[in-house]
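Engineer: The structure follows.
The values are calculated or read from the model by the stated rules, or taken from the named source; none is laboratory data. A quick note: this is a predicted structure, and the numbers were derived from the prediction, not measured. With ideal geometry, Cβ positions are generated from the backbone for all residues, glycine too; neighbour counts draw on all protein chains shown.
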Amino acid sequence: MTELVEIRWHGRGGQGSKTASLLLGKVASDLGLNVQAFPEYGPERMGAPVLAFNRISEDKLTLHCQIEEPDFIVVLDPTLLDTVDVTENLAPDGKVIVNTQDEPEKCRKELQLQPGQVYTVDANRISNEELGRVLPNTPMLGALIKVTGIIPMEVFLKNIEEEFSTKFSSRQEVVQGNMKAIKRAAQEVKGE
Amino acid sequence: MKRVALTGNEAVSLAMKQINPDVVAAYPITPQTEIVQMFSQYVADGQVDTEFITVESEHSAMSASIGASASGARAMTATSANGLALMWEVMYIAASSRLPIIMPVVNRALSAPINIHCDHSDAMGARDSGWIQLFSENSQEAYDNVIQAIRIAESANVLLPVMVNLDGFIISHAVENIDVLDDEKVQDFIGSYTADYSLLDKDNPITFGPLALQDYYFEAKRQQVEAMKYAHKAIPEVAREYEKLTGRGYGYFTPYRMEDAEVVIIGLGSTMGTAQVAVDELRKEGNKVGLLKLRVFRPFPKEELARMLAGIPVVGVMDRADTFSGNGGPLFADLNTVLYGGEERPELYNFIYGLGGRDINVSNLMEIYRYLLNARDGQTLNRVNYFGVRE
């Protein structure tokens, strides 16, 4: 990759959209890429719609503003589709990855996008099965890497495992649960 | 040197850890920053030798820093917004007592309405307190400025406190890559600190904070002006040494594509990074635009700015704070003063923007450049403009 990639995360307070953007930033940074990861802070309430952002580039980043036209949008919560304009200012050929049980075609029609722009994965079910809790952020990272290819999957998996191992050093089951959730989401994410 | 991805808060607290100050005093007023919280973890983990004083207010945090510094300690604290406002009274005492205290400030709006997001009202409120004020575009600059601040503050004949500003949330809470020095390199650079005058030096007793009425107060204040002149000399000297160590150069300001520029924007902080992209875009269309990112706000580098801006037809001055004088923001006022009466004086226009954290992006900055380009071509433009506000 050479060009700047800009990603916007939509979630609800407590779902880990900020953590997902930070994890992606740390991994991309470890690989020598220039990164930014930042949340939009509003009133901090569990369940309120929140945003987080990533910029990843081989060139030095000097932008210090919110992302105007994201290339990729990740939606961590399907209920946001009814309440927030999640596709606002999406780049013309941009892609949206949604955590939902729905098929991509149905979701794409709902979002009024072109075929090929929408990917879906049931990250709630995956995280529930692998982690015993609904924490869609890490599986959605797996889906994002698969769809965007911004980092080779093998490299991403190796580095994210190191991040988890540092973060959850005494809880190996959490590391493994997250790794399984990421791999499954990467396999199960579907486009049209 | 190694590259790591850190938030602005993490970068600054890491710099503090590597400085290993003798005393840090802090109080978590809302909105405080994670800087002192993270630093307290370093203290708890035994990674620094610092005496960490938890006080009952920001006023006391500055007071404790003053006491520590007067006793010959290297003292630091960190604050933000309302916390800085609460320190106001004692900040003057720190400066007049010539105490080289270092304080990172995460710039945020002052209430009301209640707001915790970025603007420069807090730092500008402390503008006349006698502190040296450095501004940072990003985490890297915040980290570098904190380390350089130690040397600037402790320079012979300077002995003034330094405030290192970084933009709230935009920088403080955003992760970016930064290059950090090894601990030993930082220690070698800052050196050990022995105060020329110390309250604890019982063989050479001195007085701090005496009464000086009509007889000597004025002289003390006059000496502060001289100290600022020495700071003006010390800042580039320290920067040159720092560049040898890191390869990263710092001046009073950073010019960007200023060669042949006919329209220039000048301002402080993170917005200047965004403006760099706007300049690139406009240059692609053949517009002669440039950018001046100001790092040193106090002491104000008046001669250097006057030289740099002379002959440029139009200059847009970005202020992320207002003075409510009805005549624009603090940077605008200073620049008008500096350029008044000068030859080849640019036309100055003020843009007050981003109060309370309102986002300013590349399109916004391109719009501002276009107003200024039109002004260059003879169109009327208000002297003072409020950009990006509903009115």
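Engineer: State yes or no: is B:ALA195 assigned by TED's automatic domain parsing to the domain that holds B:GLU347 and assigned to a loop (DSSP other than H, G, I, E, B)?
Structural biologist: Details: assigned by TED's automatic domain parsing to the domain that holds B:GLU347: no; assigned to a loop (DSSP other than H, G, I, E, B): yes.
Spelling it out, it is not the case that B:ALA195 is assigned by TED's automatic domain parsing to the domain that holds B:GLU347 and assigned to a loop (DSSP other than H, G, I, E, B).
Engineer: Tell me which residues, restricted to the range B:114-133, are more than 20 Å from B:PHE332 (Cβ to Cβ) and either outside the structural domain of B:GLY8 (by TED's automatic domain parsing) or touching a residue at least 60 places away in the same chain (Cβ under 8 Å) (or both).
Structural biologist: B:ASN115, B:ILE116, B:HIS117, B:GLY130, B:TRP131, B:ILE132
Engineer: Something else: Determine which member of the set B:PHE332, B:PHE324 is under 24 Å from the mean Cα position of the chain (by Cα), surrounded by 20 or more Cβ atoms within 10 Å (Cβ to Cβ) and either part of a loop (DSSP other than H, G, I, E, B) or more than 14 Å from chain A (Cβ to nearest Cβ) (or both).
Structural biologist: From the options B:PHE332, B:PHE324, the qualifying one is B:PHE332.
Engineer: Every residue in the range B:1-43 that is of a type in the set (Val, Ile, Thr), over 15 Å from B:ALA174 (Cα atoms) and more than 14 Å from chain A (Cβ to nearest Cβ), please.
Structural biologist: B:ILE19, B:VAL23, B:VAL24, B:ILE29, B:VAL36, B:VAL43
Engineer: Right, A:LEU33: out of contact with any Lys or Arg (no Cβ under 8 Å at 6 or more places or on another chain) and among the hydrophobic types (A, V, I, L, M, F, W, C) or not?
Structural biologist: yes
Engineer: Would you say B:GLU137 is within 14 Å of another protein chain (Cβ to nearest Cβ), assigned to a loop (DSSP other than H, G, I, E, B) and under 14 Å from the mean Cα position of the chain (by Cα)?
Structural biologist: The answer is yes for B:GLU137.
Engineer: Across the range A:86-117, which residue is surrounded by the fewest Cβ atoms within 10 Å (Cβ to Cβ) among those that are over 12 Å from A:GLY191 (Cα atoms) and small (Gly, Ala, Ser)?
Structural biologist: Looking at the filtered set, the residue picked out is A:ALA91.
Engineer: Does A:GLN15 count as within 26 Å of A:GLU162 (Cα to Cα), in contact with a strand residue (DSSP E or B) (Cβ under 9 Å, 6 or more places away or on another chain) and either among the acidic types (Asp, Glu) or in a strand (DSSP E or B) (or both)?
Structural biologist: So A:GLN15 fails the test.
Engineer: Which one of these is in a helix (DSSP H, G or I), closer than 15 Å to B:GLU304 by Cα and of a type outside the set (Lys, Arg): B:ALA227, B:ALA239, B:ALA231?
Structural biologist: B:ALA231
Engineer: Name every residue in the range B:267-311 that is of a type in the set (A, V, I, L, M) and within 14 Å of another protein chain (Cβ to nearest Cβ), in order of residue number.
Structural biologist: So the first thing to find is which residues in the range B:267-311 are of a type in the set (A, V, I, L, M), and the list is B:268, B:272, B:275, B:277-279, B:282, B:289, B:291-292, B:294, B:296, B:305-306, B:308-310.
The answer is B:LEU268, B:MET272, B:ALA275, B:VAL277, B:ALA278, B:VAL279, B:LEU291.
Engineer: Return the pairs, sorted by first residue and then second, in which the second residue is outside any loop (DSSP other than H, G, I, E, B) and surrounded by 21 or more Cβ atoms within 10 Å (Cβ to Cβ), the first residue lies in the range A:32-43 and is more than 7 Å from every other protein chain (Cβ to nearest Cβ) and among the small types (Gly, Ala, Ser), the beta carbons are less than 8 Å apart, and the residues are 6+ apart or on different chains.
Structural biologist: A:GLY42/A:VAL50
Engineer: Against the definition (outside any loop (DSSP other than H, G, I, E, B), of a type outside the set (A, V, I, L, M, F, W, C), away from chain A (no Cβ under 14 Å) and crowded, with 23+ Cβ neighbours inside 10 Å), how does B:ASP144 come out, yes or no?
Structural biologist: Numbers: outside any loop (DSSP other than H, G, I, E, B): yes; of a type outside the set (A, V, I, L, M, F, W, C): yes; away from chain A (no Cβ under 14 Å): yes; crowded, with 23+ Cβ neighbours inside 10 Å: yes.
For B:ASP144, the condition - outside any loop (DSSP other than H, G, I, E, B), of a type outside the set (A, V, I, L, M, F, W, C), away from chain A (no Cβ under 14 Å) and crowded, with 23+ Cβ neighbours inside 10 Å - is met.
Engineer: For the subset of the range A:153-192 comprising residues that are modelled with pLDDT of 95 or more and outside any helix (DSSP H, G or I), which member is nearest to A:LYS95 (Cα to Cα)?
Structural biologist: Of everything passing the filter in the range A:153-192, A:GLY191 is nearest to A:LYS95 (Cα to Cα).
Engineer: For B:LEU372, work out the one condition from (1) touching a Phe, Trp or Tyr at 6+ places or on another chain (Cβ under 9 Å); (2) within 13 Å of chain A (Cβ to nearest Cβ); (3) in a helix (DSSP H, G or I) it doesn't fulfil.
Structural biologist: (2)
Engineer: On to the next question. What are the residues in the range B:83-110 that are among the polar types (S, T, N, Q) and closer than 17 Å to B:ARG127 by Cβ, if any?
Structural biologist: Residues satisfying the conditions are B:SER96, B:ASN107.
Engineer: Show the residue pairs that are 6+ apart or on different chains and have beta-carbon atoms under 7 Å apart, the first residue being within the range A:57-68 and facing chain B (nearest Cβ under 7 Å) and farther than 18 Å from B:ASP167 by Cβ, the second being surrounded by 17 or more Cβ atoms within 10 Å (Cβ to Cβ) and not hydrophobic (A, V, I, L, M, F, W, C).
Structural biologist: A:GLU68/B:ASN361
Engineer: Let me ask something else. Which residues, taken from the range B:346-365, are more than 22 Å from B:MET308 (Cα to Cα) and of a type in the set (A, V, I, L, M)?
Structural biologist: Going residue by residue through the range B:346-365, those that are more than 22 Å from B:MET308 (Cα to Cα) are B:352-364.
Answer for the range B:346-365, where residues must be more than 22 Å from B:MET308 (Cα to Cα) and of a type in the set (A, V, I, L, M): B:ILE352, B:LEU355, B:ILE360, B:VAL362.
Engineer: Does any residue in the range B:160-185 that is more than 11 Å from every other protein chain (Cβ to nearest Cβ) and within 19 Å of B:ALA78 (Cβ to Cβ) come within less than 8 Å, Cβ to Cβ, of a residue that is assigned to a loop (DSSP other than H, G, I, E, B) and basic (Lys, Arg) six or more places away or on a different chain, and which pairs are these?
Structural biologist: B:LEU160/B:ARG98
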